[in-house]
Amino acid sequence: MTDDIVSIKGIKDGLLIALSPTEDWQSITRELATKIDEKLAFFKGARVTVNVGERPVPKYDLTSLKALLERRALTLIVVQSSSATTIESAHALDLRANVPQDSRQQKNDLDDDLHDALPIDSEEHGTVGVMIKRTLRSGRTIHSRGHVIVFGDVNPGAKIIATGDIIIWGKLRGMVHAGAEGDTSAVICALDMSPNQLRIADLIATAPSDKRHKVNPEVASVRDEQIVVETWG
Amino acid sequence: MGAKVITITSGKGGVGKTTTTANLGVALARLGKKTVVIDADIGLRNLDVVMGLENRIVYDLVDVVEGRCRLRQAMIKHKQFPDLYLIPAAQTRDKTSVSPADMIHITDKLRSDFDFIIIDSPAGIERGFRNAVAPADEVLIVTNPEVSAVRDADRIVGLLEAEHKNPGKLILNRLKPAMVKKGEMLSADDVVDILALEIIGIVPEDDHVIPASNSGIPVTLNENSHAGVAFRNIARRLTGEDVALMDLETNSGFFQRLAKFFGGR
């Protein structure tokens, strides 16, 4: 894991892509393209933060990196680097740039398995997820390797893609994709289920367009190769 | 003590940002507040036209930023209200001629001399939007009672959250109470249900608005216009006055519900 020249990790704001500061730039971009292409559907639409460490990245290299991401429907938002050249290139391209608080710390964080970071040793063996304690508004995309719980609404135009289950303690009106890597046992729950679109694994369902639907908690799951939605509980 | 910087934005174009800016500027000046309005829509300026000041422009915002004139030289005094000034946008350049830092710098220079600085944001969520929002103490989001405008407003609130700005307040513009009553238009409740923002004003659709903009005399100066009254009320709320939402008699039920909504907060 430490030898990875490219590492991709989900963060609060989208994806954090860390690129090796020493490896040849050509091989890095090639490796990055391969890694993204492997999971294109999963990454699509994400906001990206790139960390290049102390590497000085000239403007033309950063431009081609940005284009590489854009061709794959990813948006480069933030560039992290301790190199002044890189920061300058980022500003020239109208990107946000910052120096990682502590590059070493950052590196360690990247290598940390999420399990190791959990401070409480539970007797119950659960699976890992993220809890988002606010409303997701239009344009926001959440990617997660694991489950996603939203304590708030998911508005139209917002999107959640998770490899596990998705639970919305609020109104679901955006697009959510559970079991994004093919897990058909994944479920989607919401207190008020009126999404643009539901996806579980490779299946897609759109909400019936009856206007006055009953507001009650519902759960969506896969049965006989179809997404079914029924009362929750 | 210093000016409050208020940015008027929307995401979607054509919902009434410029009309709102011009009317709030005039209405605040009428209340005796020293006010500057700034057109941040560089390349597509029209706040000057709506305020009837187009033929007085000598210097613009980009001239100030690039040091071709002093800030005071770009400020156009309003014909009727000596406490109201306009800083026009450049027509020949684009949004990248100004940076968010420039906007903060300019508003900081104005703060000590004014009560309100109102910035008219361009449509969209790119550089022009970020320029307009950077110096804002408060953001007013203009939207129309239709799904696409509300969707864009929602996106704007999300972006404001990302910039660690206050979520802003809502101006619901061009509402037709009769259509709401028939269920053909989103109601204020429907809009608040999605956006979860406080409404600072509801402006009814009004045939006086377009001729007023064309003639450069903002509609709030027309005593017979409902929209004009609505803008005046918003200005009064901005000064801290407690003004009840206007009663549009055709649908009192829905305004009562709205009043309840505010009471419950």
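The values are calculated or read from the model by the stated rules, or taken from the named source; none is laboratory data. Everything quoted here is computed from the prediction, not taken from an experiment. Cβ atoms come from the backbone with ideal geometry, glycine included; neighbour counts cover every protein chain shown.
Can you spot a residue in region B:137-144 that is outside any strand (DSSP E or B) and under 16 Å from B:ILE199 (Cα atoms)? Yes, region B:137-144 has at least one match. Inspection of region A:139-155 finds no residue satisfying the criterion of being within 14 Å of chain B (Cβ to nearest Cβ), more than 17 Å from A:LEU198 (Cα to Cα) and either touching an Asp or Glu at 6+ places or on another chain (Cβ under 6 Å) or modelled with pLDDT under 75 (or both). A single member of B:ILE156, B:ILE118, B:ILE125 is in contact with a Leu (Cβ under 7 Å, 6 or more places away or on another chain) and either part of a loop (DSSP other than H, G, I, E, B) or within 14 Å of chain A (Cβ to nearest Cβ) (or both), and it is B:ILE125.
Per-residue answers, yes or no, for (1) without any contact (Cβ under 8 Å) to a residue 60 or more places away in the chain; (2) surrounded by 18 or more Cβ atoms within 10 Å (Cβ to Cβ); (3) in contact with a helix residue (DSSP H, G or I) (Cβ under 6 Å, 6 or more places away or on another chain):
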{"site": "A:ILE132", "(1), (2), (3)": "yes, yes, no"}
{"site": "A:GLY146", "(1), (2), (3)": "yes, no, no"}
{"site": "A:ASN155", "(1), (2), (3)": "yes, yes, yes"}
{"site": "A:VAL215", "(1), (2), (3)": "yes, no, no"}
{"site": "A:VAL222", "(1), (2), (3)": "yes, yes, no"}
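Among the residues of region A:123-138, those that are within 14 Å of chain B (Cβ to nearest Cβ) and hydroxyl-bearing (Ser, Thr, Tyr) comprise A:THR135, A:SER138. Every listed requirement among (1) part of a loop (DSSP other than H, G, I, E, B); (2) within 14 Å of another protein chain (Cβ to nearest Cβ); (3) in contact with a strand residue (DSSP E or B) (Cβ under 8 Å, 6 or more places away or on another chain) is met by B:VAL192 save one, (1).
The criterion of being touching a Ser or Thr at 6+ places or on another chain (Cβ under 7 Å), under 21 Å from B:ALA123 (Cα atoms) and surrounded by 21 or more Cβ atoms within 10 Å (Cβ to Cβ) holds for B:ALA40. Please determine whether any residue of region A:56-71 is among the acidic types (Asp, Glu), under 19 Å from A:ARG145 (Cβ atoms) and surrounded by fewer than 14 Cβ atoms within 10 Å (Cβ to Cβ). For region A:56-71, residues among the acidic types (Asp, Glu), under 19 Å from A:ARG145 (Cβ atoms) and surrounded by fewer than 14 Cβ atoms within 10 Å (Cβ to Cβ): absent. Taking the criterion of being within 11 Å of another protein chain (Cβ to nearest Cβ) and within 23 Å of A:ALA158 (Cβ to Cβ), would at least one residue in region B:131-143 satisfy it? No: region B:131-143 contains no residue that is within 11 Å of another protein chain (Cβ to nearest Cβ) and within 23 Å of A:ALA158 (Cβ to Cβ).
For B:LEU186, the requirement of being within 14 Å of chain A (Cβ to nearest Cβ), touching a Pro at 6+ places or on another chain (Cβ under 7 Å) and surrounded by 21 or more Cβ atoms within 10 Å (Cβ to Cβ) is met.
Evaluate region B:204-212: report whether one residue or more is within 12 Å of chain A (Cβ to nearest Cβ) and either within 16 Å of the chain's Cα centre (by Cα) or closer than 22 Å to A:GLY170 by Cα (or both).
Within region B:204-212 (the criterion being within 12 Å of chain A (Cβ to nearest Cβ) and either within 16 Å of the chain's Cα centre (by Cα) or closer than 22 Å to A:GLY170 by Cα (or both)), the answer is no, since none of the residues qualifies.
Scanning region A:156-189 for residues that are in a loop (DSSP other than H, G, I, E, B), under 13 Å from the mean Cα position of the chain (by Cα) and within 13 Å of chain B (Cβ to nearest Cβ) yields a count of 1.
Does at least one position in region A:18-34 carry a residue that is exposed (fewer than 11 other Cβ atoms within 10 Å of the Cβ), at pLDDT below 80, of a type in the set (S, T, N, Q) and over 23 Å from A:ALA162 (Cα atoms)? Within region A:18-34, not a single residue is exposed (fewer than 11 other Cβ atoms within 10 Å of the Cβ), at pLDDT below 80, of a type in the set (S, T, N, Q) and over 23 Å from A:ALA162 (Cα atoms).
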